[in-house]
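The values are calculated or read from the model by the stated rules, or taken from the named source; none is laboratory data. Worth saying up front: this structure is predicted, and the values here are computed from it rather than measured. Virtual Cβ from ideal backbone geometry, glycine too; neighbours counted across all protein chains shown. What goes into the accessible areas is simple: the full protein's heavy atoms, side chains included, and nothing from ligands, DNA or RNA. Shrake-Rupley method; radii C 1.70, N 1.55, O 1.52, S 1.80 Å.
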Amino acid sequence: MRSIVPSIPLTVLYFILSCANLVPDYSSVSVSLTLQPKLDVGTFVSFISCGYLSSPNLRWLEGLRKLRYLVMTGVDLSKSSESFHWAKPVSRLSNLILLQLSNCNISGRIPIGQLLNLTSLSVVDMHSNILRSTILDINLAMTINLVSMFSASWSKLKFLDISFTHVGRTLPPSLSNSTSLTFFQADGCRSKGLYLLQLQKKLRSLTLNDNNITVQLRDSLVPVSMSSLISLQYLSLIQNGLRGYIPTSICQILSLEYLNIEWNDLTGRLPLCILQLPKLSYLSVNKNNLNGNVPLSLLQKSRLDLISFGINGLSVENDDHYQHGVQSFQPKVLEFTSCNMRGEIPEFFSNLTSLMILILVNNSLSGAILYLLLFSLPALSPLNSSADRRNSSNQVLDLSNNSLSGTIPHSLGNCKSLIYLSLGQNMLTGSVPEVLERITSLRYLDLNGNEFEGSFPTVIEKFQELEILNLAGNRFKGRIPKFIGDLQHLRILVLASNSFNESIPEGVMKLENLQFISLSRNKLSGPIPENLEGLKKMTKTQNQTTIEGYYYSLTFTGAQSEIVTK
């Protein structure tokens, strides 16, 4: 244990004592900051990056009146925080702009009252401590009195994140006193108010997800028109129970780049002027109760990278006015689940060379999968060089629950980065082409409810990363191949309602990750394998009601075995 001799120039502006990144060679270093650390005259920055630092109190900070940046990440302040007024020395640093006390083993209440004097603060970071306040429920949520907290002007505060704390019914109007605020996040705070919109002309990012803002989101009921947020770039109001129409004043926020209002109860039409915002690249309005038509030709004129309209009531209209030669519209994600799309898959989709995710589930699309020439284009078909493979992103294609016919196009085999392929519940015929063996990264394959025929697709042996396989409701016949036992990542296997015969391969009972298997309504014969010890996930998680893991996976109720022989 060493003490550091006091000698810090009072003009020091930056003081950094960070031991968040421990280095094994120095792990035995232990320093107790009982007095001011000794710094050379004229020191501008001090940085101790490894070892173990502790301080029984913070009185050694007194006198550093010009200090602007104080970083003590990882310094053990457990002893210091035992005192109710432990942060008082910090409160005297009136010029402080940044305060980082994360992972300091601080316990007790948040010292809001002791920090009110720091009106120049832009960033306060105290995560990964043992802070507590009034306990309201089992989630140990804190209650913060924002009215008291913002009785001071905080005129230089730029960044504020109070997510998952309890702040009362509404966000107080006094927040508008923080006129320099550029980032505000309050997810899961149970707030019902939108009054932060007042006078926040410098606000760039506003995130209020998972609250109880059940007001009607109309211009007449929002305290100040949303057009007053002239600098706003990021707006997220997910899962709030918002009602009413989407205000057209949003279209006046010309700086807006990101808009996410999914999982609400919004009604009426989508203001089409939103699609014309010059910088908007992300738009998600799914899981609402909207109505009306959105012409594809209008989407084609936007600059959107991501569009999500699913399960909404909106109808995406495949009109005849889109321009075949337009290349400026190059989204990465199109999600049109249950959007009443009709006719064939739009031909201009073959020009979307940046497309990574295409989801057209539960529409009325018909015809063959002929226009999906995009699978031979760059975004969905990375070049063969190792650098391109490293930089490629995963792709998703979901055309399930439509009325598509014909065969699986061979060009699909060019999509080497595809991880999710769902063509279920269509009228597709023929066999599964061998050219798909190029898609070695495939994790999800769903071909259920079609009219595929022939023997078990041998190409599936190449999908060694496969986690979910659903071939139910087709005309496959013959024996289930032994290689199915080599797909060690399989978690869901559904082969029901086909004409598979002979016995169940022993290898199936050695799939350690398998959680659901359905082989019913086939022509299988022979004994059911008695040794189930290899099905470790199924034998250890019998009481679970959901399937673990993969984000895009189907949800089956229960981890169980369904095997029927005839």
Directionally averaged shadow of region 56-136, computed from the convex hull of its alpha-carbon atoms, nm²:
5.0 nm²
If I histogram all Cα-Cα distances within region 232-302 using bins 10 Å wide from 0, what percent of pairs lands in each bin?
20, 55, 24, 0
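In the structure displayed, which of LYS287/LYS536; LYS88/LYS158; LYS202/LYS332 lie more than 32 Å apart, Cα to Cα? Walk me through the numbers before you get to the answer.
Details: LYS287/LYS536 37 Å; LYS88/LYS158 23 Å; LYS202/LYS332 30 Å.
Exceeds cut-off: LYS287/LYS536.
What number comes out for the charge environment of LEU272, summing +1 per Lys or Arg and -1 per Asp or Glu over other residues with Cβ under 14 Å away?
0
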So, for region 232-275, what is the accessible surface per residue at a probe of 1.4 Å, expressed in square angstrom?
38 Å²
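With r as the distance between the Cβ atoms of GLU465 and PHE84 and R0 = 41 Å, compute the FRET efficiency 1/(1 + (r/R0)^6) and round to 0.05. Write out the running numbers ahead of the final one.
Numbers: r = 56 Å, r/R0 = 1.36.
For R0 = 41 Å, the calculated efficiency reads 0.15.
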What FRET efficiency, computed as 1/(1 + (r/R0)^6) with R0 = 60 Å and r the Cβ-Cβ distance, is obtained for ARG475 and LEU272, rounded to the nearest 0.05?
0.85
If each K or R counts +1 and each D or E counts -1, the residues other than THR165 whose Cβ falls under 11 Å of its Cβ total -1
Given a 1.4 Å probe, how much area per residue of region 400-488 is accessible, in Å²?
36 Å²
Please give the net charge around ASN474, taking every other residue with its beta carbon less than 13 angstrom from that of ASN474, where Lys and Arg add +1 and Asp and Glu add -1.
0
